[in-house]
Amino acid sequence: MLPKWVARKPLTEMRIYLKYGFARTRYQACLCPRCHQILNAGPNYQPKYCAQCGQRIDFRGMTWIDDETIGYERRSNDEQIEDRVV
Ligand SMILES: [Zn+2]
C-alpha cells in the first residue's frame, strides 16, 4: 500500500439521506480510499487529508454530481394538509 502522504483519489458512491427529515435525497459521497471513512467533501469544500487516518486526498479532476430528490417520506401529521390541497 502507498504511504499516506501520496495523494490518492477519493472513492465515490451514491448514497441516500433524508433531507429536512422527509425528502429522500441522493447525493454523491466521497470516501477515503484507505479507511473508507466518509469525507465531508463537496463542490465548495474538499479536505486535504482524511480526518480519520490522515490519508492525503487529491480531488483534482473530480466530477461532482448534484443532489437529487428522489422521493418523499410521508409524515402522518401532514396527511390532512395534503388532502386539502389535492
Ligand atoms: Zn482515511
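The values are calculated or read from the model by the stated rules, or taken from the named source; none is laboratory data. On a predicted model such as this, the values are computed, not experimentally measured, just so you know. Reconstructed Cβ throughout: ideal geometry from the backbone, glycine too, with neighbour counts over all protein chains shown.
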### Query
If you check Met1, Met62, which single one turns out to be more than 16 Å from the ligand (Cβ to nearest atom) and more than 28 Å from Arg75 (Cα to Cα)?
Met62
### Some residue of segment 27-37 being away from the ligand (no atom under 16 Å from the Cβ), farther than 12 Å from Lys4 by Cβ and surrounded by 12 or more Cβ atoms within 10 Å (Cβ to Cβ)
yes
### Query
Given the residues Asp83, Asp66, Asp78, which is the only one that is at pLDDT below 95 and not in a helix (DSSP H, G or I)?
Asp66
